[in-house]
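Worksheet for the structure shown next.
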Amino acid sequence: MKNLAVFSSGFGSNLQAIINAVKKGKVKANIALVISDNVDAYSLVRAKRAGIDFLYVDPDDFNDRTCYDKFIVKRLKKEKIDYVVLAGFMRIISDYFVRQYKNRIINIHPALLPSFKGTQGIKDVLDYGVKVSGVTVHFVTNILDGGPVILQNALAVKDDDTEVSLAERVHSLEHKLYPQAIDLLVRGRLFVKGRKVFVKK
Ligand code: GRF
């Protein structure tokens, strides 16, 4: 069984969806660790409730991003973590971290990449006025929100959508798509060739 570490800075609804999918046997993996950069993250409460080890790592305790990530990578190796799942982790991952876990770090983004990169995807979608948006799961590289795309799913943006209503539909799409992508990953079914990700039958 592969070991996952899930990184979350906030509410952790995606973490919860992954916990539930593991419990139901839809994702055949072990969530070995939850990591947060925010001491108040609700995701830490979710981890505790689920009996999963969790760790808060305070960015202020480190001189720079690489020092922070070196500390984390050391812990990940100690815990024999196979894959890193970013689920609303609001920090940029250093090149060092990306190299250590090449093609083993994934992220979920609340828009159809390469459109609407960055931390305000849902707001940017509404401001731009696109009619279709969605969700993207991708590998993490040193290009922000720019790694090879694993899975995407689309949804219609409604004329009367607000950030709240659109976020609600985006999140329910995320909660289905992320466990699917993680399951493919831990089963060794994903192959990266250049920018493309192939799913082995
Ligand atoms: C999600 O919308 C995800 O796409 C983005 O951050 C949000 C995290 O939500 N990267 P939650 O903490 O999982 O509820």
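Total residues in the range 23-56 satisfying the condition of being in a strand (DSSP E or B) and closer than 16 Å to Ser9 by Cβ: the figure is 7. Just checking, does the range 1-14 include any residue being closer than 16 Å to Leu184 by Cα and surrounded by fewer than 16 Cβ atoms within 10 Å (Cβ to Cβ)? Checked against the condition, which is being closer than 16 Å to Leu184 by Cα and surrounded by fewer than 16 Cβ atoms within 10 Å (Cβ to Cβ), the range 1-14 yields at least one hit. For a quick check of your reading of the model, give me the residue pairs whose first member lies in the range 12-24 and is at pLDDT below 95, whose second is open to solvent by 40 Å² or more (accessible area, probe 1.4 Å) and within 13 Å of the ligand (Cβ to nearest atom), with beta-carbon atoms closer than 6 Å and at least 6 apart or on different chains. Cβ pairs passing all conditions: none. Per the conditions (1) aliphatic (A, V, I, L, M); (2) touching a Leu at 6+ places or on another chain (Cβ under 6 Å); (3) within 16 Å of the ligand (Cβ to nearest atom), the sole criterion not satisfied by Ala21 is (2).
Restricting the search to the range 20-46, which residues are farther than 19 Å from Ile105 by Cβ and among the β-branched types (Val, Ile, Thr)? Matches in the range 20-46: Val39, Val45.
Only a single item in (1) under 28 Å from Val170 (Cβ atoms); (2) surrounded by 14 or more Cβ atoms within 10 Å (Cβ to Cβ) is not met by Asp40, and it is number (2). For first residues located in the range 42-57 and charged (D, E, K, R), partners that are in a helix (DSSP H, G or I) and at pLDDT 95 or above and lie 6+ apart or on another chain with Cβ distances below 8 Å form the pairs Arg46/Leu15; Arg46/Gln16; Arg46/Ile19; Asp53/Ala47.
For Gln180, the criteria (1) touching a helix residue (DSSP H, G or I) at 6+ places or on another chain (Cβ under 9 Å); (2) within 16 Å of Asn14 (Cβ to Cβ); (3) within 14 Å of the ligand (Cβ to nearest atom) hold in every case but one, which is (3). Do we have Lys158 as without any contact (Cβ under 8 Å) to a residue 60 or more places away in the chain and under 12 Å from Pro110 (Cα atoms) here? Judged against the criteria, Lys158 is not a match. Filtering the range 24-37 to residues that are open to solvent by less than 20 Å² (accessible area, probe 1.4 Å) and within 16 Å of the ligand (Cβ to nearest atom) leaves Val27, Ile31, Val34, Ile35, Ser36. Using the structure shown, decide if Lys70 is open to solvent by 50 Å² or more (accessible area, probe 1.4 Å) and touching a strand residue (DSSP E or B) at 6+ places or on another chain (Cβ under 7 Å). The answer is no for Lys70.
Scanning the range 182-193 finds one or more residues that are in contact (Cβ under 8 Å) with a residue 60 or more places away in the chain and either over 19 Å from the mean Cα position of the chain (by Cα) or open to solvent by 30 Å² or more (accessible area, probe 1.4 Å) (or both).
With respect to the stated conditions, Ser133 fails to be of a type outside the set (D, E, K, R) and without any contact (Cβ under 8 Å) to a residue 24 or more places away in the chain.
The values are calculated or read from the model by the stated rules, or taken from the named source; none is laboratory data. As the structure is a computational prediction, the values presented were derived from the model and not from experiment. Counting neighbours? That spans all protein chains shown, and the Cβs are built from the backbone with ideal geometry, glycine included. Just the protein is used for accessible areas: all its heavy atoms, side chains included, with ligands, DNA and RNA removed. Shrake-Rupley method; radii C 1.70, N 1.55, O 1.52, S 1.80 Å.
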